[in-house]
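Read through the structure below, which is laid out as structure tokens, and then see the notes.
The values are calculated or read from the model by the stated rules, or taken from the named source; none is laboratory data. The structure presented is a predicted model; accordingly, all values stated were derived computationally and were not measured. FYI the Cβ positions are ideal-geometry reconstructions off the backbone, even for glycines, and counts take in every protein chain you see.
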Amino acid sequence: MHSRILTMVVTLTMQSGVTGGLPTRASGRSVQGDLVRVDVRTLLESARGVAPALCALAADGASNGWAGSWDAPDLSVNADVHQLVRELRAGLVPRAELQNLVAALGSDDACVRHLAGTLVGGSGDKSIVPDLTAKLRAPSDNEHTGAARALGLIGDRSAVDALVRVLHDARASVRANGAWALGRIGDRRVAANVADLARDDSAGVRAAATVALGHLQAKDNIDVLLRVLRDDQSPEVRRVAAWALGQLGARTAAEGLSAALRSDKTASVREMSAWALGEVHARDFSDALTTALRSDDISSVRETAAWALGELEVKKAVDPLAQTVGGDKSAEVRGTAAWAIGQMNAGKAPRELMSALRDSDDDVRLKAAWAISQIGDADVVPEVTAALRIEQRDRVRQALVRALLESGDRSSDAFKTLLDSKDTETREMAVRALTGRRGPWPWPWPWPRPRPNP
């Protein structure tokens with residue numbers, strides 16, 4: 001079993017044109033000229049029986065991240081694994097082998113179906129669309145699921161009518177995958193059909209339809225999404241409703257998102273609501289973000305609130321952000337709050353930002369130094385110089401030198417001290433700064449970790 005898993009993953013992660021030696025027959029690959037080719041039958045056989053998490057890894061390797069199937073519903077795989085494997089690379093799928101992949105969509109093995117659907121969809125070959133839409137009429141749930149996924153990834157609008165018909169199927173998995181595929185294709189004319197599923201009995205169907213409305217940029221359905229965010233019994237459905245509202249960038253959704261941030265019982269919903277408030281540019285509702293920053297029990301919510309305040313450049317939030325830099329128990333929250341202050345054109349560097357130059361976490365010190373450089377406060381020179389004397393991390397030292405450079409004429413004496421440093425890199429940075437050749441200054445741009453996806 002382990003050898004088959006390894007074969008499959010290695011097969012999918014080898015890059016085309018870089019063989020690293022002669023391939024074996026067991027690898028499922030052959031070399032034609034400078035291209036590495038895939039033996040689809042061998043590849044799919046190697047997928048049979050593979051555990052869901054490893055199957056997700058292999059399928060993402062096949063897609064190289066371009067396929068975009070990580071948010072597809074009911075795939076019998078662990079969606080979190082997709083976030084870890086986006087750097088994997090795929091082998092080439094010969095056009096003549098597509099029919100083998102299409103046939104594999106009806107396999108009784110979940111990994112085979114998932115892998116085949118990802119490869120078919122990632123091929124982008126529209127000539128296969130009629131065969132895939134025919135599978136939407138097949139009696140097998142498996143074929144429906146794989147065909148819908150592949151059609152969504154190919155993105156051909158000629159499949160829209162066939163997918164709309166499956167929205168009324170008696171099987172929840174078929175409805176869910178049909179809605180997801182329509183969202184990926186992006187034809188806004190079907191938004192009303194998809195929105196009807198927001199009241200479906202199945203939470204999986206409601207979630208898929210809600211995500212699809214976000215992809216469709218269906219602004220006529222903002223009220224539908226707000227109702228889902230407020231009333232749906234499933235935390236996952238409420239979470240993706242917040243995401244969809246953020247995708248739509250609708251300021252009219254700000255009040256509902258603010259209410260969810262303040263009162264939803266599920267942390268992931270609050271986190272996504274904070275992110276969405278940043279996306280819809282809801283400065284008028286920044287008080288909800290500030291409250292979350294100060295008092296939410298979950299660090300991911302506090303960090304996302306800090307990010308949103310920085311994204312919105314809410315200057316009145318400088319003081320609460322500074323308090324967060326100085327006192328939050330999470331390094332991620334402290335660092336993002338420091339970054340947010342750097343967005344504000346605060347004029348004066350808060351005391352807590354200066355204290356953060358001595359934080360135990362490297363990333364916090366880096367973002368604090370970067371924020372100080374953005375502020376350009378001449379009064380910080382002594383403390384920045386003191387921090388530079390003891391700082392050991394290269395990127396943080398670079399940020400500190402940048403902070404001195406941006407602080408104005410009063411930094412000249414400090415640079416003279418740097419030129420006498422025993423550290424070669426510090427002297428070099430000082431010379432570059434004084435001569436105007438600043439080099440690659442660090443530019444931290446922290447998205448929330450993880451950036452919340454649907």
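Below is a table of values for the structure above.
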{"read-out": "Test: TRP370 is under 27 Å from VAL401 (Cβ atoms), assigned by TED's automatic domain parsing to the domain that holds ALA242 and either touching a Leu at 6+ places or on another chain (Cβ under 7 Å) or part of a helix (DSSP H, G or I) (or both)", "value": "no"}
{"read-out": "Residues that are farther than 20 Å from ALA159 by Cα and either among the basic types (Lys, Arg) or surrounded by fewer than 22 Cβ atoms within 10 Å (Cβ to Cβ) (or both), drawn from segment 185-207", "value": "ARG199, ASP200, ASP201, SER202, ALA203, GLY204, ARG206"}
{"read-out": "Test: residue in segment 215-232 that is of a type outside the set (A, V, I, L, M), within 20 Å of the chain's Cα centre (by Cα) and either surrounded by 22 or more Cβ atoms within 10 Å (Cβ to Cβ) or not assigned by TED's automatic domain parsing to the domain that holds HIS281 (or both)", "value": "yes"}
{"read-out": "Positions within segment 127-153 being modelled with pLDDT of 85 or more and farther than 10 Å from LEU105 by Cβ, in sequence order", "value": "SER127, ILE128, VAL129, PRO130, THR133, ALA134, LEU136, ARG137, LEU151, GLY152, LEU153"}
{"read-out": "Residue match in segment 390-400 (condition: at pLDDT 75 or above, loosely packed, with under 13 Cβ neighbours inside 10 Å and farther than 27 Å from TRP307 by Cβ)", "value": "yes"}
{"read-out": "Residues of segment 293-331 satisfying the condition of being within 15 Å of ASP363 (Cα to Cα) and surrounded by fewer than 20 Cβ atoms within 10 Å (Cβ to Cβ)", "value": "GLY326, LYS329, SER330, ALA331"}
{"read-out": "Near pairs, Cβ below 7 angstrom, 6+ apart or cross-chain, from segment 108-125 (closer than 17 Å to GLY178 by Cα and crowded, with 22+ Cβ neighbours inside 10 Å) to any residue that is among the charged types (D, E, K, R) and at pLDDT 80 or above", "value": "GLY117/ARG149; GLY121/ARG149"}
{"read-out": "Residues of segment 108-126 that turn out to be modelled with pLDDT of 85 or more and among the hydroxyl-bearing types (Ser, Thr, Tyr), as a count", "value": "0"}
{"read-out": "Any hit, segment 446-453, residues being part of a loop (DSSP other than H, G, I, E, B), out of contact with any helix residue (DSSP H, G or I) (no Cβ under 7 Å at 6 or more places or on another chain) and at pLDDT below 65", "value": "no"}
{"read-out": "Counted residues, segment 348-363 - those being part of a helix (DSSP H, G or I) and not hydroxyl-bearing (Ser, Thr, Tyr)", "value": "9"}
{"read-out": "ALA207 being within 22 Å of the chain's Cα centre (by Cα) and closer than 21 Å to ARG171 by Cα", "value": "yes"}
{"read-out": "Selection from segment 109-152 of residues that are closer than 23 Å to GLY186 by Cα, of a type in the set (Lys, Arg) and part of a helix (DSSP H, G or I)", "value": "LYS126, LYS135, ARG149"}
{"read-out": "Output for segment 100-125, where each listed residue is of a type outside the set (Gly, Ala, Ser) and within 28 Å of the chain's Cα centre (by Cα)", "value": "LEU105, CYS111, VAL112, ARG113, HIS114, LEU115, THR118, LEU119, VAL120, ASP125"}
